[in-house]
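Please treat every number below as a calculation from the coordinates, not as lab data. All values reported here derive from a predicted model rather than from experimental measurement. Using ideal geometry, Cβ is built from the backbone for each residue, glycine included, and neighbour counts are taken over all protein chains shown.
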Amino acid sequence: MIFCKQSTDLIRILKNHCKSIKEIHQIHAQIITRGLLSLHPSSTSPLLTTILHTFNSLLSAPLPPPHHRHHPISIHYPLSLFNLITYPSTFSWNTIIRSHTLLSFPENAIFFFVQMRRRRLPPDAHTFPFVLKACAQLRQLSLAKTIQSQSLKFGIRPDNIALVSVLSACGRVGKLEKGTEIHNHIKQSKIQVDSFLCTALVDFYSKCGFIETARDIFEATPYKNLFTWNAMLVGLAMHGHGETLLSYFSKMVKNGVKPDGVTFLGVLVGCSHAGLIDEARRLFGEMESVYGVHRELKHYGSMADLLSRAGLIKEATNMIETMPMAGDVFVWGSLLGGCRLHGNVEVAEKAAEQIMEISPEDGGVYSSMADIYANAKRWDDLTKIRRLRDSRRVKKNAGCSLIQLDGVTHEFVAGDDLHPQTDEIYLVLNGIGQHQFEMQL
């Protein structure tokens with residue numbers, strides 16, 4: 001328990017000794033019981049802002065795995081602190097924007113930025129990085145460009161954190177041209193590519209399909225941390241380079257970088273796509289015993305996907321049934337996908353039953369079972385599953401595709417004819433179809 005007498009003591013302890021959110025709550029309780037909130041705003045505002053800033057610093061630190069956390073972290077606590085500040089400064093606004101970004105409430109982060117500007121408070125170099133990160137979380141690249149332009153109007157050049165945020169947004173929506181423009185700016189301005197900027201560049205080029213460029217950037221920088229290695233491993237996994245991924249994993253361990261849950265998720269996904277079953281089994285088994293990394297549902301789901309794809313339905317089922325926790329939709333869905341691929345109706349029915357219990361509104365499970373029954377020529381069961389779907393009024397989300405042409409992103413949804421050039425598109429498609437038909441004659 002932390003004890004202190006006055007606000008200056010509290011600020012000193014917060015800055016130098018506070019190591020957990022629990023200790024923040026203890027200090028906040030003392031503020032209330034000692035009546036420090038009834039003091040003049042000139043005393044309470046710095047105190048509350050310091051508490052909020054310390055809260056954010058602890059959020060930025062690596063969190064313990066979910067099974068070690070005593071309680072979920074809520075946005076309501078930092079928000080309640082901010083609302084007690086009578087005259088928030090730019091620093092106070094920065095801290096609440098950062099809180100919402102760190103806790104993945106990007107819409108709220110943007111809202112507070114707008115409110116800050118409406119109060120005519122000038123942003124500073126610490127404001128824009130987290131606003132841009134919120135834009136990245138929302139995949140709002142156009143908004144990020146607008147905010148970046150605002151930062152330039154205030155004479156604030158984008159720092160590495162801001163560049164990381166914009167690159168992240170570009171990667172999420174596949175804006176290769178804009179991301180490459182930022183990379184060129186980094187090279188022309190001779191900005192040092194630290195581990196975080198390297199991570200963002202590797203992630204961006206991997207998501208845009210340029211895995212070799214990502215590898216070149218990764219190899220060129222001497223500044224590699226766990227996140228950089230993870231970005232490279234996940235990128236290789238996405239592109240199906242399983243053997244190369246395992247080679248990089250070995251290098252990572254030899255370089256003294258301790259893998260985490262994200263590392264193993266990338267490795268398992270890469271092994272799944274490359275069909276490296278034995279390697280995946282070995283590394284999955286070594287996660288806890290050798291590397292001390294706790295297995296989570298996403299790791300079991302990846303193993304279920306790998307084993308099911310390979311036709312090892314029994315092994316996948318045994319693994320799921322002996323897990324230390326109940327399976328989720330991803331785990332059972334991976335098993336169902338393997339059953340669909342290999343025509344195992346009996347296990348598919350079991351997996352589907354679990355998915356329907358966990359997520360009754362999931363329309364995909366009904367479609368999968370309909371395909372499985374149709375392939376097995378079990379027409380009565382096909383009719384039953386369709387009737388069950390209709391009786392529950394379940395709808396499957398429409399498929400959506402995005403393509404970029406001349407810098408403009410076009411969205412196409414299954415069964416939708418709202419695109420302004422729909423008629424022209426179908427005219428071209430019909431022409432292609434007619435040409436293919438004539439070629440076969």
Under 18 Å between alpha carbons: how many lysine pairs meet that in region 314-397, if sequence neighbours fewer than 8 apart on the same chain are excluded? 4
Taking Cα centroids, how far is region 194-214 from region 321-359 in Å? 34 Å
What list of ³J(HN,Hα) couplings, whole Hz, do you get for region 75-80 from phi and the Karplus terms 6.51, -1.76, 1.60, once you set θ to phi - 60° and write x for glycine and proline? 6, 5, 5, x, 5, 5
Cβ-Cβ cut-off under 10 Å around residue 337, Lys and Arg +1, Asp and Glu -1: the net charge is +1
Restricting region 105-202 to trypsin sites (Lys or Arg not before Pro) in coil, as DSSP defines it, with at most 11 other Cβ within 10 Å: 119, 120, 190
Report ³J(HN,Hα) in whole Hz for each residue of region 25-30, in order, from the Karplus equation J = 6.51 cos²θ - 1.76 cosθ + 1.60 where θ = phi - 60°; Gly and Pro get x. 4, 4, 5, 4, 4, 5
For a quick check: sort 369, 116 by the number of other beta carbons within 10 angstrom, fewest at the front. 116, 369
Cross-link partners of residue 190 among lysines (Cα-Cα below 24 Å; sequence separation of 8 or more within a chain): 133, 145, 153, 175, 178, 224
Quick check on packing: order 287-296, 348-357, 93-102 by the mean number of other C-beta atoms within 10 Å, highest mean leading. 93-102, 348-357, 287-296
